[in-house]
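A.B. asks: After the structure tokens below, expect a handful of questions from me.
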Amino acid sequence: MNQSIQNRKAEILLRNRKNKIFEEYDKNKYCKVIDFSKDVAINLYSEYFKETIKTNNNFFTSKLQLNGLTSKKDIKNWILNNILIHTVDNNIINILFGEFGLRLELVNSENFFSNELQKKIDSHVGLDYGYINENKYIIQIFSDEEHYVYEYLKKWDESNVLIR
């Protein structure tokens, strides 16, 4: 198969994935879909993830130690509580799905994030989760590791990066 056919198939798969995820969030009563995220938001998140988490996880903000008694519900509640410290109803967030993201306005932040985390638990993919909050100029990422769940939080200078 030549390269242009492979590229075309990859484009179609990506477009279908984007449309499916867009529709899923468009039906979510706890948020309003604004649009797809701008490249600058995706790059901001990706750079922070690469620089901080992948290279040196000593930059965490807080951590939850996991032991044999720590349940997925305990982890979910810890993550949810930390999210709700910074993110409230009507905030504009970007959630990313690899090569694209969605810009959302939160209608009910607690239920939105609770459902997001529950989907991860139900699909057995771990509890790694992150988002950008445009109103608070923060990136918040949670990384589910073997002995700890780490929270990474970065505030950026809004005059330097315009993601809206």
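The values are calculated or read from the model by the stated rules, or taken from the named source; none is laboratory data. Quick caveat: nothing in here was measured; it's all calculated off a predicted structure. FYI the Cβ positions are ideal-geometry reconstructions off the backbone, even for glycines, and counts take in every protein chain you see. Please note that ligands, DNA and RNA were not included when accessible areas were found on the heavy atoms of the full protein model with its side chains. Shrake-Rupley method; radii C 1.70, N 1.55, O 1.52, S 1.80 Å.
Matching residues to (1) in contact with a helix residue (DSSP H, G or I) (Cβ under 6 Å, 6 or more places away or on another chain); (2) within 16 Å of residue 155 (Cα to Cα):
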site: 24; (1), (2): no, no
site: 27; (1), (2): no, no
site: 33; (1), (2): yes, no
site: 44; (1), (2): no, yes
site: 60; (1), (2): no, yes
site: 68; (1), (2): no, no
site: 87; (1), (2): yes, yes
site: 96; (1), (2): yes, no
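A.B. asks: In the list 25, 45, 30, which residue meets the criterion of being open to solvent by less than 70 Å² (accessible area, probe 1.4 Å), under 22 Å from residue 114 (Cα atoms) and in contact with a Cys (Cβ under 7 Å, 6 or more places away or on another chain)? Outline the logic, then answer.
C.D. replies: Working: 45 fails: in contact with a Cys (Cβ under 7 Å, 6 or more places away or on another chain); 30 fails: in contact with a Cys (Cβ under 7 Å, 6 or more places away or on another chain).
Criteria check complete, one pass: 25.
Here's the yes/no breakdown for (1) under 16 Å from residue 61 (Cα atoms); (2) at pLDDT 90 or above; (3) open to solvent by 10 Å² or more (accessible area, probe 1.4 Å); (4) of a type outside the set (Val, Ile, Thr):
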residue	(1), (2), (3), (4)
95	no, yes, no, no
110	no, yes, yes, yes
118	no, yes, yes, yes
124	no, no, yes, yes
157	no, no, yes, yes
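A.B. asks: Looking at the structure I just gave you, is residue 13 open to solvent by 30 Å² or more (accessible area, probe 1.4 Å) and either β-branched (Val, Ile, Thr) or touching a residue at least 40 places away in the same chain (Cβ under 8 Å) (or both)? Show your work before the answer.
C.D. replies: Numbers: open to solvent by 30 Å² or more (accessible area, probe 1.4 Å): yes; either β-branched (Val, Ile, Thr) or touching a residue at least 40 places away in the same chain (Cβ under 8 Å) (or both): no.
When the stated conditions are applied, residue 13 does not pass them.
A.B. asks: Exactly one condition in (1) out of contact with any Asp or Glu (no Cβ under 7 Å at 6 or more places or on another chain); (2) open to solvent by 60 Å² or more (accessible area, probe 1.4 Å); (3) modelled with pLDDT under 95; (4) among the polar types (S, T, N, Q) is false for residue 61; which is it?
C.D. replies: With respect to (1) out of contact with any Asp or Glu (no Cβ under 7 Å at 6 or more places or on another chain); (2) open to solvent by 60 Å² or more (accessible area, probe 1.4 Å); (3) modelled with pLDDT under 95; (4) among the polar types (S, T, N, Q), residue 61 is out only on (1).
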